[in-house]
Amino acid sequence: MARFIKERLEHCLTLKGTYFLQSTYHNRTFSCTYFVFTVCVLLSRFCEGIYSYSIVMPEVVYATKVLEPTDMDAVNETDVDESIEKIKSNDGSFKECNVNNIPLDTATVDSITSALCRNTSLTRLEMCNCNITDDCIEGFVNVVKTNQTLESISLETNKITGKFLKQLALALEANSTLKELRIANQYYTTGVGDEMAISKALDKNNSITKFSMNWKNTGARNQADRCIMRNNDIARKKRQGLL
């Protein structure tokens, strides 16, 4: 189709010389003809581009991506026991704990959360894809309620049900220092009732500026988005000294 249009336009353009000579005696006719000629040229070039594209396909370009700590296939060589000891000893130089992609049993997770309840140095906790289940959530709830140093907690890609995600969100009411909470991509689907409860819990917190979760309910997601926008506005005003 593109080739047919191109050929017809080229045929029309071969008549431009005679038609222009006839039009020079009338300025108005000439202006109209020049406009039509310009449109024909542009259409011809456009169709030529479509036609050439249909004949010669460009090579596929693959995007390159630097592996992030939360990538499912990333290899994490962190010594978990050593990290736990640093948290327990409240090592001032140990600011971030990243155990992503390391399968952890319940006892190990409990050791981490128990130590965090008394830690005042760690600011970032990454525990994505660690096989964390509902049995471990009570420890995280206690961390959110008691720890006033952590600014980011990421528990994405685990096996936590909506009921316990809700408990974790409800604990945010007692926390004013946590800025990021990431709980998306869980193995189990969260129910609508739990989603609504989570969005209402976010409404009672003024510090969370980044929150990730797989929403199904539009109303709950919209309410959560409004809460995050409000909190970001509060954080901006604090940086500017307006609050």
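Just a few scattered comments:
- Which listed residue, of A169, A184, A115, is among the small types (G, A, S) and over 19 Å from V99 (Cα atoms): A169
- Exclusive hit being open to solvent by 10 Å² or more (accessible area, probe 1.4 Å), in a helix (DSSP H, G or I) and under 20 Å from C136 (Cα atoms), set Q167, Q186, Q223: Q167
- Among residues that are open to solvent by 20 Å² or more (accessible area, probe 1.4 Å), of a type in the set (D, E, K, R) and farther than 25 Å from N231 by Cβ, D194 is not included.
- The residue that is most open to solvent (accessible area, probe 1.4 Å), among those in segment 170-183 that are out of contact with any helix residue (DSSP H, G or I) (no Cβ under 7 Å at 6 or more places or on another chain) and either free of Cβ contacts under 8 Å to residues at least 24 places away in the same chain or of a type in the set (D, E, K, R) (or both), is K179.
Listed here are the residues, each with its yes/no results for (1) out of contact with any Lys or Arg (no Cβ under 8 Å at 6 or more places or on another chain); (2) of a type in the set (S, T, Y).
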| residue | (1), (2) |
| --- | --- |
| E173 | no, no |
| L178 | yes, no |
| N185 | yes, no |
| I198 | no, no |
| S212 | no, yes |
| R221 | yes, no |
| I234 | yes, no |
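- Wholly enclosed strands (runs of 3 or more DSSP E) of segment 66-154 bearing at least 2 residues of a type outside the set (G, A, S): 96-98, 124-126
- The residues of segment 132-142 that are open to solvent by 10 Å² or more (accessible area, probe 1.4 Å) and in contact with an Asp or Glu (Cβ under 7 Å, 6 or more places away or on another chain) amount to a single one, G139.
- Residue in segment 141-157 that is more than 28 Å from W215 (Cβ to Cβ) and aliphatic (A, V, I, L, M) present: no
- Picking from residues in segment 146-187 that are of a type in the set (S, T, Y) and farther than 14 Å from M127 by Cα, the one that is nearest to the chain's Cα centre (by Cα) is Y187.
- A search for C-beta distances below 9 Å between a residue of segment 190-204 that is under 10 Å from A169 (Cα atoms) and any residue that is open to solvent by less than 10 Å² (accessible area, probe 1.4 Å) and of a type in the set (V, I, T), counting only pairs 6+ apart in sequence or on different chains, returns I198/I183; L202/I208.
- Residue that is farthest from E173 (Cα to Cα) [pool: residues in segment 143-163 that are open to solvent by 10 Å² or more (accessible area, probe 1.4 Å) and in contact with a Cys (Cβ under 8 Å, 6 or more places away or on another chain)]: T157
The values are calculated or read from the model by the stated rules, or taken from the named source; none is laboratory data. Quick caveat: nothing in here was measured; it's all calculated off a predicted structure. In this analysis, Cβ positions are derived from the backbone assuming ideal geometry, glycine residues included, and neighbour counts consider all displayed protein chains. We work out accessible area using only protein heavy atoms, side chains counted, and drop any ligands, DNA or RNA first. Shrake-Rupley method; radii C 1.70, N 1.55, O 1.52, S 1.80 Å.
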